[in-house]
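Here's the structure, in structure tokens; my notes come after.
The values are calculated or read from the model by the stated rules, or taken from the named source; none is laboratory data. Please read these numbers as outputs of a predicted model, since none were measured by experiment. Positions of Cβ are backbone-derived with ideal geometry, glycine not excepted, and every protein chain shown enters the neighbour counts. For the accessible areas, the whole protein counts, side chains as well, though only heavy atoms, and no ligand, DNA or RNA atoms are used. Shrake-Rupley method; radii C 1.70, N 1.55, O 1.52, S 1.80 Å.
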Amino acid sequence: MSQTYRINGGQIDRSQLIDFTFDGKRYQGYAGDTVASALLANGVKLVGRSFKYHRPRGIFSAGSDEPNALMTIGEGARITPNTRATVAEIYEGMTVRSQNRFPSLNFDILAVNDVLAPFLSAGFYYKTFMWPAVFWEKLYEPMIRRAAGLGALSGEPDPDQYDKGFLHCDVLVIGAGPAGLMAALVAGRAGLHVILADEDFQMGGRLLCEHEQINSDASLTWVNQVIAELSSMTNVRLMNRTTVYGVFDHGIYGAVTRNTDHLAVKTKRPRETLWRIYAKRSVLASGATERSIALSNNDRPGVMLASAVRAYANRFGVLCGKRVVVVSNNSDGLRTADVLRAAGVEVPEVLDARQLVMPFDIYGKKAVRAIKFSDGRKVDADCIAIAGGWNPNIQLTCHKRGRPVWRDDIAAFVPNKDAITSEMDVAGAANGSFSTHQCLHEGAQAGERIVRALGKNAATVDLPQADDQPFEITPFWEVKGNTKRAWVDPQNDVTTKDIKLAVQEGFRSVELLKRYTTLGMATDQGKASNVLGLAILADCLGQSIPETGTTISRPPYTPVTISAFAGTSRFEHFRPVRETPSHNWAKEQGAVFVSAGLWNRAQYFPKPGETHWRQTVDREVIATRSSVGICDVTTLGKIDIQGPDAGEFLNRVYANAFAKLAVGKCRYGLMLREDGFAMDDGTAARFSDTHFVMTTTTANAVSVYRHLEFCRQCLWPDMDVKLISVTEQWAQYAVAGPNARKLLQKIVDKEHDVSNEAFPFMACGEITVCHGIRARIFRLSFSGELAYELSVPARYGDSLIKALVSAGEEFDVVPYGTEALGVMRIEKGHAAGNEINGQTTAKQLGMHKFVSNKKDCIGKFLSGREGLNEEDGSCLVGFKPVRQTDVLNAGAHFIGLGELNNAENDEGYLSSIAYSPSLKSYIGLGFLKRGQERIGQEIRAVDLLRGTDVQVTVCSAHFIDPKGERLRV
Amino acid sequence: MIIIHPLLGPRDAQEFTYLGDASLIHRPDPEADNVAGTFYEYLYQRDNIAGEHRELWFHEQGDRSWLVIKRNTLTHDILSVELASDVARREGRSK
Amino acid sequence: MQYSAFQIFKQTLRGHVGWKPTWRSPDPKPQYDYIIVGGGGHGLATAYYLAKKYHGVNIAVFEKGWLGGGNVGRNTTIIRSNYLLDANEPFYEYSMKLWEGLEQELNYNAMISQRGIINLFHTDPQRDAFVRRGNAMRLHGADAVLLSQEALRKKCPFLNFDNARFPVLGGLWQPRGGTARHDAVAWGYARGADQHGVDIIQNCEVTGFLIRDGVCTGVETTRGQIRAKKIGVAVAGSSSRVMAKAGMRLPIESHVLQAFVSEGLKPIIPGVITFGAGHFYVSQSNKGGLVFGGDIDGYNTYAQRGNLPVVEDVCEGGVALMPMIGRARLLRMWGGCVDMSMDGSPIIDKTHIEGLYFNGGWCYGGFKATPASGVAFAHLLATDAPHDTAKAYRFDRFSRGFLIDEKGVGAQPNLH
């Protein structure tokens, strides 16, 4: 069987024969065919199975509204399920498979559901599968889940590339049918920047599918002329295979272009491009979609939309049947018979639903065989073309919550003019104006309106002469009187009976009906079924359609690939990486890196022979504490604060006092949120009366800066102070350990005295290092050792670390990473992110003495609330295992000795733990109720998740050098 | 959304960070009477208007200015955009 | 009418003509003992538990639109009790226990499916925080399991372990977590309430409260004045607008939370998975659609629709975490208007107006709370005392400083 349904004509390229397979069988089509047209050309009727009853399904439409012909296309990791055969272009070697059937399309075991259908009424699953309760997850649900779903994913990572783009234009024209082409032409000739987008691979819209005349030529001639003219304009961008899928705020449109799905050889080009289009105006010229009529067994393969039957004949040169019965309730549908007869098809019967005789039933299981009429006649046919009227494609007018209005004369919803903002015009069939003349006219008008609105002169465009037959329809939704099922939503298997039952059971709102029956929830988003379903609901309720309601549609207009939304942000590129200036140096040293927000920081620097990270970290800690270590602390937030009011500004944003900090000194600062909880801690160094440099934690650098700008601009706009983040402008290194000064003295230029006397603990200064390189030095210690932080302009960071290491060789200097940093800060009892987690107060952190009583500051007032000052509140203390060899786990909770493990006995938790090589034991910091009063007591650290229960002694958080003597030597 | 920045022109809202009601400008004077109630109202209570809402946005990926934007929370239409420092001064805040 | 397989069999033989309306459509009476404003999940559950426990009381639920049309009809259907704080965990765990027997209780299959929820972690501090939370859950009698990377590889081989920007180190798993068929929850409660005599009045908006001398004695509706002894408001998403009619301001902002569903796919994702290094969570519905979401858009809105940055952010997270879903297509996106409270936790409390009670501030987590919220609100309405599990959900916690801030971000609703 080889394209036996192919006839002459159409816009396929017969010089390019294309081979493809469907369910393993080889077929041929031509360039310009869709999978659907090629299968129809080969006489393939059965292409899928329905969702619930697994009924045989054939091709129903010729566009993106297709509910039935969903295919799995491609192979390997490129398998793409649920692709509509009616829009997928064929290419050489294409693999197409049907889905939701087992073992085969022809013989599907679950078709038994169709036999059981009487029991499987709307919402039946809400009424059963409840007994016994445990059977739900074990039996019923797995069974339902296996049966449900459509196509399958490959389970492998999507191998294709995707990209995102941004476009700006004066006018975006959505749809390149007669209205859209005309609007684009008018706007383009007036010199506006125009984007014309169409979801199809070929522009022309419905004109591609009809044999009409424009200006006494074939309409296609006109289409080609217009496209040629538009293509020649540099101010017009034509985008085919591009779906405008959504309308967002302020003239932003979402669109997606399919670049490579139609190509046999997948190039390196992105498979799809997701566009954000910023348009001053838009014209919605998205056409209309035909709808069906509910009649018994109207879901059989071969029952199709009349417009689709015409489209296949005219555009693709394919007959959908050789004996076609036409059923129509409108003037447009009746044209189908003429088209088909002209193509040599036998049309034994044209049923105008406005007459007395009705279609009554359809015969044939896997393909239509015959149709029966209400007068008892039975007519053989292999295709039924149904024309139930046209629904304007108004979806995009609803995306900003516009509600359409009903027009009785065309029996359809049209956009509500009031609900559409000035941003969007609607023209042509999308506006309920169905003749070609009306489409051209409205398109031109929309174009002219926009040209004028944007202050340009509209060149006169002669309106082409075209068909202007009035559209006449007599609403006719449903054939009554037959007890067999009549389909409304063919994909989800919703029948008129389901709607009636739902109404009988009280689901009378259209929204409830949708949810109860799943009407319109299929992959076509209700394009095939919503209005028909609503009409039948209205009939059941004895109301008009507008009284019954509408359903508004949400983006996307047609389904969009998830990868397209992700674009290039995948795998390692999900988020940007921030690296410090000495990152490459650390990499050369063999550092292991860890994520800290977007930063990659050196976690530890293993040496050959070290087999466990603990060995490395222990070595780094011991070396630092016994001689000297260097740590890259560039990632700390750094904020430069300048101005006469800088001191007073800091005084207000920090809980502790800053106004009187001497020039040349640093101070530790605790910052509260306005609600009184600790926000961040850091230091501020004063370089002059009017100049401070603040550091923040790595994690809060952005939010602290934002907060400070809020305070400056919104709370105290007249304060004479300016801020700027300099995090990335300065590379900063901690040099810590008893030999830190000796090391520094080797690189600090001689004129700067960093002796203990000249440069004591908490001093800061601007100096030069390495013969004239500008630097800042801060005598701060996070490790508890004699320590400095040295910062240089970022471009010198890499050189500085090398200079420090080389100067430190004689002291056996080690670079240390965030792990050793963490160990040493825990040994020293400094709170960090695990403690200042946004849920703790200064009091809990043992820093209430920091909160100055003498001044107001952000957070001071509300920190006085009862709940932040509970008598038995928890506070930060240290913990040591009673048995030195026991391991502590952060996240373990404290339970009293001999108490039951339950919430009532929960007294706090371990926030940070480390193995202390100095103490040769695990140590921890944690929050314990009345912790300060309980130093010396024993309690259990219980980690139920890991199954550990460790007896610990409560101790001071300062495990090492509690008096801070080492800092000051 | 597009925010028409008073200094920089139209900008995608994605460049901005949102804070909330512009009444946050009016931090109470801690020396005033009944300040407990005032602070609580200031920080926690919101008009949460369905309609024209004055709100604070920070141009984080831009010039780092705080803006007061009047925006309709039912339609997202933006009615005005001003520098927050100008608004704060106009409404009596100083140092 | 009792629902069962036998009933379906019986009704099928009778051609389905015997199915009764799931609920009545009564006209409102002039007076009730209790009025619940809001016919969403929480309002219907409240009415159900009130009617069930306190026989012989007259209860009405007033719903502006169609029942279940609020956030119970537009969420991502997740149920879980994986909370950290003492003020929250007992409440959500109680809710989980109610979920576990709900279908039998209501004789309605809401497809409560305990396929588990896994919160992934990507850094050591995140793991520590999850361990703390998991232990808190266990101490409160809930279930929690720490999954190593190896265990996760077995359970979820499709996660991106090997070339990820933020490698997955492990997860906190609550096996009893899962999903429920959200609409069916509303319908089940509505049916149950109706059977206990509750009048569910759809398409009837409460336009005002009858308040005199600090006492609320009824409501104004689009169908006239209705009196009641006690009025409970459960209209999350519209809380500020409704309570403004009683002259109240709330510690709540309205934000939009977007959610997404893909085309139907054969089963591929077990349970619920949340990404710890981005804004993305996902489950797969019984119909096969991937149901996923992420963060709120972050600006005040009542528009019930969001914008593209969040759509892209969520999909970026999804594809980063599970690159295999990339070729699936996003079928539908929608936005729900949520009550974002000032500490990220709800309020179930009396108001300063006698007879007027409030339930709201559920942020984006109200669905899982539906059963416990119903019980707790019913208890409060009936006894004027807070339910044991909901004692912390008071209005005055903000002024007194007893905040329930799971995330530790302070009084900024869009960060919760």
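Laid out as a table, the results:
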| read-out | value |
| --- | --- |
| Condition met for A:Asn889 (over 30 Å from A:Leu708 (Cα atoms) and within 14 Å of chain C (Cβ to nearest Cβ)) | yes |
| Scope the stretch A:821-847; condition touching a helix residue (DSSP H, G or I) at 6+ places or on another chain (Cβ under 8 Å) and within 14 Å of another protein chain (Cβ to nearest Cβ); matching residues | A:Val823, A:Ala832, A:Gly833, A:Asn834, A:Asn837, A:Thr841, A:Ala842, A:Lys843 |
| Boolean, B:Ser94 is among the small types (Gly, Ala, Ser) and buried (at least 19 other Cβ atoms within 10 Å of the Cβ) | no |
| Extreme residue, farthest from the chain's Cα centre (by Cα), among residues of the stretch A:139-148 that are closer than 23 Å to A:Arg485 by Cβ and facing chain C (nearest Cβ under 7 Å) | A:Ile144 |
| Some residue of the stretch C:91-107 being within 12 Å of chain A (Cβ to nearest Cβ), within 18 Å of the chain's Cα centre (by Cα), acidic (Asp, Glu) and farther than 25 Å from C:Phe275 by Cα | yes |
| Candidates A:Gly364, A:Gly376, A:Gly344, A:Gly333, filtered to the one that is under 21 Å from A:Trp477 (Cβ atoms) and either small (Gly, Ala, Ser) or buried (at least 23 other Cβ atoms within 10 Å of the Cβ) (or both) | A:Gly333 |
| C:Arg133 vs. criteria assigned to a helix (DSSP H, G or I), more than 7 Å from chain A (Cβ to nearest Cβ), touching a Leu at 6+ places or on another chain (Cβ under 7 Å) and over 24 Å from C:Ser285 (Cα atoms) | yes |
| Those residues of the stretch A:623-660 which are under 30 Å from A:Lys855 (Cα atoms), among the hydrophobic types (A, V, I, L, M, F, W, C) and either open to solvent by less than 10 Å² (accessible area, probe 1.4 Å) or part of a helix (DSSP H, G or I) (or both), in sequence order | A:Ile639, A:Ile641, A:Ala646, A:Phe649, A:Leu650, A:Val653, A:Ala655, A:Phe658 |
| Pairs where the first residue, in the stretch C:386-410, is more than 7 Å from chain A (Cβ to nearest Cβ) and under 21 Å from C:Arg133 (Cβ atoms) and the second is aromatic (Phe, Trp, Tyr) and in a loop (DSSP other than H, G, I, E, B), C-beta under 8 Å, 6+ apart | C:Ala392/C:Phe402; C:Ile404/C:Tyr393; C:Glu406/C:Tyr83 |
| From the options A:Leu172, A:Leu153, residue that is at pLDDT 95 or above and within 7 Å of another protein chain (Cβ to nearest Cβ) | A:Leu153 |
| Residue selected from the stretch A:263-289 under the condition within 20 Å of A:Asp65 (Cβ to Cβ) and outside any strand (DSSP E or B), by the criterion nearest to the other protein chains (Cβ to nearest Cβ) | A:Ser286 |
| Among the candidates A:Lys456, A:Lys500, residue that is out of contact with any Phe, Trp or Tyr (no Cβ under 9 Å at 6 or more places or on another chain) and assigned to a helix (DSSP H, G or I) | A:Lys500 |
| Residue identified as within 7 Å of another protein chain (Cβ to nearest Cβ) and of a type outside the set (D, E, K, R) among A:Leu868, A:Leu876, A:Leu897 | A:Leu868 |
| Any hit, the stretch A:206-213, residues being in contact with a helix residue (DSSP H, G or I) (Cβ under 9 Å, 6 or more places away or on another chain) and within 14 Å of chain B (Cβ to nearest Cβ) | no |
| Complete set of residues in the stretch A:97-138 that are more than 9 Å from chain C (Cβ to nearest Cβ) and of a type in the set (Ser, Thr, Tyr) | A:Ser98, A:Ser104 |
| Residues of the stretch B:1-48 satisfying the condition of being open to solvent by 40 Å² or more (accessible area, probe 1.4 Å), within 14 Å of the chain's Cα centre (by Cα) and within 8 Å of chain C (Cβ to nearest Cβ) | B:Asp47 |
| Complete set of residues in the stretch A:423-451 that are part of a helix (DSSP H, G or I) and in contact with a Lys or Arg (Cβ under 6 Å, 6 or more places away or on another chain) | A:Ile450 |
| Residue, surrounded by the most Cβ atoms within 10 Å (Cβ to Cβ), within the stretch C:241-280, restricted to residues that are of a type outside the set (A, V, I, L, M) and away from chain A (no Cβ under 14 Å) | C:His255 |
| Selection count, the stretch C:24-38, where residues are on the phi > 0 side of the Ramachandran plot and of a type in the set (Val, Ile, Thr) | 0 |
| Filter pass, A:Gly63 being open to solvent by 10 Å² or more (accessible area, probe 1.4 Å) and farther than 22 Å from C:Leu265 by Cβ | yes |
| Hits in the stretch C:305-319 (condition: under 26 Å from B:Arg46 (Cα atoms) and facing chain A (nearest Cβ under 7 Å)) | C:Arg305, C:Asn307 |
| Unique residue being modelled with pLDDT of 95 or more, in contact with a helix residue (DSSP H, G or I) (Cβ under 8 Å, 6 or more places away or on another chain), acidic (Asp, Glu) and open to solvent by less than 30 Å² (accessible area, probe 1.4 Å) when the list is A:Glu620, A:Glu610 | A:Glu620 |
| Index of the failed condition, B:Glu82 passing every other in (1) in a loop (DSSP other than H, G, I, E, B); (2) open to solvent by 40 Å² or more (accessible area, probe 1.4 Å) | (1) |
| Filter result (surrounded by 24 or more Cβ atoms within 10 Å (Cβ to Cβ) and either closer than 30 Å to A:Asn492 by Cα or away from chain B (no Cβ under 13 Å) (or both)) within the stretch C:229-240 | C:Ile231, C:Gly232, C:Val233, C:Ala234 |
| Looking only at the stretch A:557-578, and only at residues there that are assigned to a loop (DSSP other than H, G, I, E, B) and aromatic (Phe, Trp, Tyr), the one that is nearest to A:Glu728 (Cα to Cα) | A:Phe574 |
| Breaking point among (1) farther than 30 Å from B:Val87 by Cα; (2) buried (at least 20 other Cβ atoms within 10 Å of the Cβ), for A:Ala701 | (1) |
| Search result, residues across the stretch C:369-383 that are open to solvent by 10 Å² or more (accessible area, probe 1.4 Å) and either more than 23 Å from C:Val215 (Cα to Cα) or touching a strand residue (DSSP E or B) at 6+ places or on another chain (Cβ under 7 Å) (or both) | C:Val375 |
| Residue pairs meeting the criteria (Cβ under 8 Å; at least 6 apart or on separate chains; first at positive phi, in the stretch A:874-903; second in a loop (DSSP other than H, G, I, E, B)) | A:Gly891/A:Leu945 |
| Qualifying position, being part of a strand (DSSP E or B) and more than 24 Å from A:Gln615 (Cα to Cα), among A:Leu790, A:Leu800 | A:Leu790 |
